[in-house]
1. For segment 188-331, what relative contact order do you get, as a whole percent, if you take Cα pairs closer than 8 Å and at least 6 residues apart?
2. Taking H placed 1.01 Å from N in the peptide plane, check which residues at least 5 places from Val31 or on another chain put their amide H under 5 Å from its amide H.
3. Evaluate the charge dipole of the chain about its Cα centre and quote only its size in Debye, nearest 20, assuming +1 on the Cβ of each Lys and Arg and -1 on the Cβ of each Asp and Glu.
4. What is the extension gain from Phe165 to Ala299, computed as 0.36 nm multiplied by their sequence separation minus the C-alpha to C-alpha distance, in nm to one decimal?
5. Find how many whole Å separate the alpha carbon centroid of segment 229-259 from the alpha carbon centroid of segment 145-194.
6. Using the structure shown, list the pairs from Lys2/Lys110; Lys110/Lys283; Lys151/Lys259; Lys113/Lys186; Lys202/Lys324; Lys186/Lys283 with a Cα-Cα distance above 26 Å, or answer none.
7. I'd like the accessible area for Tyr204: 1.4 Å probe, protein heavy atoms, all chains in place, Å² to the nearest 10.
8. Looking at Ala306, His219, Ser316, which one has the Cα that reaches farthest to the positive end of the dipole of segment 178-331 (charges on Cβ: Lys, Arg +1; Asp, Glu -1)?
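The values are calculated or read from the model by the stated rules, or taken from the named source; none is laboratory data. What you are looking at is a predicted structure, and each value in this text was computed from that prediction instead of being measured. Ideal geometry is used to build each Cβ from the backbone, glycine not excepted, and the neighbour counts take in all protein chains shown. Note: accessible area is taken over every heavy atom of the protein model, side chains too, but ligands, DNA and RNA are not part of it. Shrake-Rupley method; radii C 1.70, N 1.55, O 1.52, S 1.80 Å.
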Amino acid sequence: MKVLVTGGAGFIGSNFVLRTRQTRPDWELTVLDALTYAGNRDSLAAVEDDLTFVEGSVADEALVDRLVADTDLVVHFAAESHNDNSLDNPWPFMEANIIGTYRLLEAVRKHDKRIHHISTDEVYGDLELDDPHRFTESTPVNPSSPYSASKASADLLVRAWVRSFGLKATLSNCSNNYGPRQHVEKFIPRQVTGILEGVMPKLYGAGANVRDWIHVDDHNDAVVAIVEQGRLGETYLIGADGEQNNREIIALILELMGKPADWFEHVNDRPGHDMRYAIDSGKLRAETGWTPQYQDIRAGLAQTIAWYTDNTDWWSTSRAETEKTYQRLGR
Ligand code: NAD
Ligand code: DAU
């Protein structure tokens, strides 16, 4: 099977490529990635000779048409992915996430191929801390930030193309991923690399916000399960019952890295900051048998910390750039 992986030089996409090289060696992979600040070809170094890499944008109509014509399946990870950046400058999110998805859908429709669209639980907005409910596939979309609104827009385009044109598509909405090769702008790698450089962790606001953490390999195994066993036209929520508030995550990182429990500081909160995400992944588990391998976030975090400790060359330049932006934002 020929598989076109968009965003394959980013965090989740590169881990998808590395993992499926092992688990699905018969897949012929092409990566399409614009190599924005978040894309890093070094993440694919180990499998560089075993795939075709194309540098370009999913919003490039002619390029997308040509690549989709020559594939069986598109797995669409490419996106602008960071909430803080979307609050600073929304336009790149509209172009990559909405127009890029539209271009792919039109090419997939024209050439009668299949697409799996990767999305986020943030499209559902947020939950109160004491809400007994979790997000399900029938939760209405209610996004809070320009990022999540752009992802919700893309999801609605995919659903419309399924209904109106019978497009062969599946969708998944996953919770917060962690693991190796995540950009240092994100919460966990920012704190881990900061501690490695002697900088205190930075907690937005009071730190009571809850995220439903999942290891990136578990996310990607779920994507493969949906591609192979999911029903066309359906949406699947992916989550590993990993709810933790930000204070708890910082406490665990500090403990694992041998620092005192109070060695962190509070910084400006994110405007519109979602309070809590929580996923009910019952449909995915029932239909595919998928179950997360990382049941214990402590073990997953220890593995992630070891990776950042061993790969300073991968992150040190981008950390310096990223921290300049955070300094400007007071975060
Ligand atoms: P990332 O920012 O690490 O990687 C995004 C990749 O897309 C980068 O390699 C970048 O160069 C590329 N890209 C950006 N714009 C592009 C364009 N116009 N054309 C081609 N490539 C482009 O993001 P990530 O965390 O790996 O997220 C991947 C996908 O998973 C996104 O769709 C995101 O919404 C979704 N998602 C992420 C999480 C999470 O916790 N990180 C959770 C659920 C869903
Ligand atoms: O839920 C899935 C989403 O998870 C994905 O769609 C996004 O692409 C991904 O970036 C992530 O979004 P969040 O906004 O939840 O992730 P982020 O890593 O930016 O922040 C996680 C939490 O940590 C959030 O409550 C904000 C907080 N935070 C973040 C940073 C960078 C801090 O307290 N301090 C920080 O320095």
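1. Once normalised by length, the contact order is 35 percent.
2. Placed amide hydrogens put Val5, Thr52, Phe53, Val54 under 5 Å from Val31.
3. 380
4. Details: separation 134, 0.36 × 134 = 48.24 nm, distance 4.46 nm.
Contour length minus the Cα-Cα distance gives 43.8 nm.
5. Centre-to-centre (Cα) distance: 15 Å.
6. Cα-Cα > 26 Å for Lys110/Lys283; Lys151/Lys259; Lys113/Lys186; Lys186/Lys283; rest within.
7. 30
8. Farthest towards the positive pole: Ser316.
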